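To keep things clear, I will list the structure first and then write my remarks on it.
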Amino acid sequence: MTREPGRPTRGQIVLLAALSAFGPLSLDMYLPGLPAMTRDLHTTASAAQLTITACMVGLGVGQVIAGPLSDARGRRRPLLAGIFGYTVSSVACAVSPTIGVLVVMRLIQGMAGSVGIVIARAIVRDLSGGTVAARLFGVLMGITGVVPVAAPLIGGQVLLVTSWRGVFVVLGAIGVPLVLATAIMLPETLPAHQRHQGGLRTILDRFGALLRDRRYLPYALAFSLSFAAMFGYIAGSSYVLENVFGISPQLFSVVFAINSGGLIALSLAGSRAVGRRGSAWLLRRGLVGTAAASIGALVVTVIGGGLWPLLVCFFVLLCANGLVLPNGTALAMASQTGSLGAASALLGLGQFGIGALVAPLVGVAGSHDALPMAVVIAVAGTAALLVDLAFAPRAAVLSAA
């Protein structure tokens, strides 16, 4: 049941986007209920945000395991196992009695969800390359961007009829049709003769080669730092907008959806423009936008500029990442034809590993102070642009793509 290399079908693209959405789905859907969860479990804002950190760590570490495993065993079987594990662990999150148990369950949920993310990226590169792959990553990001729009809206509505625990029940239910669709629609895309055998030493050697690869590392790091700036907003915005500015969970969901709509629009626009401008050109413009929005958010917070200027900065930050994330992915993986699973895994580890560090930092001053979030966003967003300016080997990647 192995598919010859070629462009994925439309149905497969939608399914790959859904599998790529495990990250935002797991992180965004319960954000409107995060303050209520904090009160219900009698914990602090910083401790509650550890549930985000744990999921992020799981999403990163799980990719390190699943990516090389898919290089050795094929894509299909690990993918099915990961989706099933996500369903079970989501239900376990719903019945967690304490914040400690929930943190552990979120770690497991993230590890299971990471399988879909890392293998979906590898499948895209199994079936395409160059500009076609960059365009497909943009389309995937555009479709995946619907999840940050829909997830908080759904989460906010779920909270009208149940508690934050019900949100995790819904997450578990989503995994069921994804298992069935994957079993029916996705054949094996990595033939047996292209698989890499070897133990832990082989895997570590492969990761070491990637960390020394100037065609890979700068793009992966810029991608991860820009994501960290965006995730600072994701992790802290519910506290800032609800507790500092007094908006309701439902209105927060609408604001979150509008900002995510900007990410969708720029992702799709970038996928159409990549053939004319190239991924490196689009990445640089996205990183400039990320840095500008990040610094703007810090300035607005320090001077007390109010809600609307801060919302504008958030919107620009999400729009800019609509260019950064797909083109950073395409550039990082452009030259990695031999170990796509490992390259995808390391990209995910950087993305979610840095994001995991961000989550508790945005709440270190409590749930009524916006300054830590603004500082984290500014530092990460500015660093992303500086890495690209200093280290990205633009000409080499352009010729490879």
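The values are calculated or read from the model by the stated rules, or taken from the named source; none is laboratory data. These figures come from a predicted structure and were not determined experimentally. Counting neighbours? That spans all protein chains shown, and the Cβs are built from the backbone with ideal geometry, glycine included. The accessibility values were calculated without ligands, DNA or RNA, using every heavy atom of the protein model including side chains. Shrake-Rupley method; radii C 1.70, N 1.55, O 1.52, S 1.80 Å.
Can you say whether residue 307 is under 22 Å from residue 121 (Cβ atoms), out of contact with any Lys or Arg (no Cβ under 9 Å at 6 or more places or on another chain), modelled with pLDDT of 85 or more and not β-branched (Val, Ile, Thr), as far as the supplied structure shows?
It is false that residue 307 is under 22 Å from residue 121 (Cβ atoms), out of contact with any Lys or Arg (no Cβ under 9 Å at 6 or more places or on another chain), modelled with pLDDT of 85 or more and not β-branched (Val, Ile, Thr).
Given the condition at negative phi, open to solvent by 30 Å² or more (accessible area, probe 1.4 Å) and free of Cβ contacts under 8 Å to residues at least 60 places away in the same chain, answer yes or no: does some residue in segment 235-252 qualify?
yes
Could you say which residue among 26, 70 is under 16 Å from the mean Cα position of the chain (by Cα), in a helix (DSSP H, G or I), of a type in the set (Ser, Thr, Tyr) and crowded, with 24+ Cβ neighbours inside 10 Å?
Going through 26, 70 in turn, the sole match is 26.
So is residue 135 within 30 Å of residue 274 (Cα to Cα), basic (Lys, Arg) and open to solvent by 40 Å² or more (accessible area, probe 1.4 Å) or not? Show your work before the answer.
Values: within 30 Å of residue 274 (Cα to Cα): yes; basic (Lys, Arg): yes; open to solvent by 40 Å² or more (accessible area, probe 1.4 Å): yes.
Yes: the conditions hold for residue 135.
Checking the condition touching a Cys at 6+ places or on another chain (Cβ under 8 Å) and open to solvent by less than 10 Å² (accessible area, probe 1.4 Å), which residue from 109, 63 passes?
Values: 63 fails: touching a Cys at 6+ places or on another chain (Cβ under 8 Å).
Just one listed residue meets the conditions, 109.
Check segment 123-136 and report whether any residue there is in a helix (DSSP H, G or I), in contact (Cβ under 8 Å) with a residue 60 or more places away in the chain and closer than 13 Å to residue 19 by Cα.
Yes, segment 123-136 contains at least one residue that is in a helix (DSSP H, G or I), in contact (Cβ under 8 Å) with a residue 60 or more places away in the chain and closer than 13 Å to residue 19 by Cα.
Could you check how many residues of segment 268-290 are open to solvent by 20 Å² or more (accessible area, probe 1.4 Å), hydrophobic (A, V, I, L, M, F, W, C) and in contact (Cβ under 8 Å) with a residue 60 or more places away in the chain?
2
What is the number of the single condition among (1) closer than 22 Å to residue 267 by Cβ; (2) open to solvent by less than 10 Å² (accessible area, probe 1.4 Å); (3) at pLDDT 90 or above that residue 315 does not meet?
So the condition that residue 315 fails would be (2).
Select from segment 377-386 the residues that are open to solvent by 20 Å² or more (accessible area, probe 1.4 Å) and aliphatic (A, V, I, L, M) and list them in ascending order.
In the first step, residues of segment 377-386 are kept if they are open to solvent by 20 Å² or more (accessible area, probe 1.4 Å); the result is 379, 382-383, 385-386.
Within segment 377-386, 379, 383, 385, 386 meet the criteria.
Name every residue in segment 376-401 that is under 27 Å from residue 21 (Cα atoms) and at pLDDT 80 or above, in order of residue number.
376, 377, 378, 379, 380, 381, 382, 383, 384, 385, 387, 388
For segment 364-388, enumerate the residues that are of a type in the set (Gly, Ala, Ser) and either within 20 Å of the chain's Cα centre (by Cα) or closer than 19 Å to residue 309 by Cα (or both). Explain how you work it out, then say what you get.
Pass one, segment 364-388, residues of a type in the set (Gly, Ala, Ser): 365-367, 370, 374, 378, 380-381, 383-384.
Within segment 364-388, 370, 374, 378, 380, 381, 383, 384 meet the criteria.
Answer yes if at least one residue in segment 162-174 is open to solvent by less than 40 Å² (accessible area, probe 1.4 Å), out of contact with any Leu (no Cβ under 8 Å at 6 or more places or on another chain), of a type in the set (Phe, Trp, Tyr) and on the phi < 0 side of the Ramachandran plot, and no otherwise.
Yes, because at least one residue in segment 162-174 is open to solvent by less than 40 Å² (accessible area, probe 1.4 Å), out of contact with any Leu (no Cβ under 8 Å at 6 or more places or on another chain), of a type in the set (Phe, Trp, Tyr) and on the phi < 0 side of the Ramachandran plot.
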